[in-house]
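Remarks on the structure that follows.
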């Protein structure tokens, strides 16, 4: 089986074909480990001697992105050496680094041979980590918001809207309290987006801030859309009685 | 030349070990010897049993930033996101050779042009890919791992506690109130100009000097600090992210070092007259805060080659079935 495989690999004219073949051939390294060391080295020799190696695009972020993109076939095509070395990963939609323990001996081997030979150096993107970190946080935040939006419908709340809320208060034995008021401000911050609700309780103006995507908000109903000219309606604090006569 | 040949040998060695075998060779000085294969006969498949004094390796993570999540009871949890980027064992230190049992872990990746020649030589001699950050974690002998073992985020289990070490943000030259938490002076009652001063720094003639170590204004931050007993809320194996509760030192994009929350306590009465250093590691007790030891993967988590890591679901800590907000009967 192994000799057969290696023969097949040699018969590939271009490296491109080879890597396509490898990405299809999931069980490559399970077979490889049974082969004698000399036979095992051959495919890698072949790889390193090939000058047709394309640039490996697995930067620190690319790998991260690819792990959650649903269909990343072009990504896989771009990964040459890495994809080969991480063959245990084996899914075509997957090119994340640092996953499996198993093929690492081979991964390091390939990497090392490539560092020895400048022609085959895999493309490593050396980026500022703070930017990478920021990007990760942005992705996580976006996903979290999308997840909440998929679970329950959240109307687009803007300043000037008069809304009715049903809020569960865990601290108060999980009672659901209902409140009605005017949105006087909205603070956009991804998952931590909040809005400020102003209402009258026993003749006294009360402002409360709610996270828009909180699971404790059970229902938001927009009753009225007042036309306002400002983003923050703090002037309502001074003319409370007029604006909130409902 | 010699460096190259060593690299070659280690390459052979790595190849000779089949990808499915975890060979815990004797980590002797002749790590690069070719006849290691026979040594590797004592092959263990994966995990071992963790003893009370066992200490696992830590990981190098990148602090990504903070966010907040709601748990299933609707309580908001402040979260720091840590990214365990491509961690592998880059060197094994043994008693015979280095006089310490420790694992050097490398994280990230780097180009050759960013490294000095000695650093290159180290990576080549070990036969590991070039790493951005290296850090040594002392471990007990039973927690040693072979060079090249990759350590994923599943090394940690949601619900456990970790210690996170990092370099705090530099805050520049700060006064005594911010730097040491001094109270300052009253705002009124005749106090003039000296509202944020540190006040007296000592006595009179008797010592006639300011004692060394007096807390005074000066440079603040930019120092290593450890936050202990940080609760792991969530672990995302697909992306190698871990979500821990609360703050960890450092700015976004800084490296932090995460290890099991534990401290060593020598049994007091038995070793009363001995120095702490003289007590062997086995005699010291490892204390893990509020967490079942047997749940930790030991020495680390080995991912199965048959599972597709892109399909792994995030693991969330079990926070119990009793509603924390409902009053207990």
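Here, each number is a calculation from the coordinates, and none is a lab measurement. All values reported here derive from a predicted model rather than from experimental measurement. As a convention, Cβ positions derive from the backbone with ideal geometry for all residues, glycine included, and neighbour counts pool all protein chains shown.
A few remarks follow.
- Peptide B:72-78, shielding by other chains (average Cβ, 10 Å cutoff): 3
- Shape analysis of the stretch B:73-167 places it in the oblate category; the axes a ≥ b ≥ c from the Cα gyration tensor give an a/c of at least 1.5, with a/b not above b/c.
- Shielding by partners, peptide B:252-261 (average Cβ within 10 angstrom, other chains): 2
- Each peptide among B:131-137, A:170-176 gets the average number of other Cβ atoms lying within 10 Å of its residues, and from highest to lowest they stand as B:131-137, A:170-176.
- Distant alpha-carbon pairs in the stretch B:101-217 (separation over 26 angstrom), percent: 55
- Highest average packing first - B:244-252, A:153-161, Cβ atoms within 10 Å: B:244-252, A:153-161
- Packing here is the average count of other Cβ atoms within 10 Å per residue, and on that basis the peptides B:204-211, B:160-167, highest first, run B:160-167, B:204-211.
- Pairwise Cα inverse-distance average, inverted: Kirkwood Rh of the stretch B:170-245 (Å): 16.5
- Globularity index of the stretch A:153-229, i.e. its alpha-carbon radius of gyration over 2.2 N^0.38 Å: 1.06
- The mean count of C-beta atoms from other chains within 10 Å of the C-beta of residues in A:131-143, rounded to a whole number, is 4.
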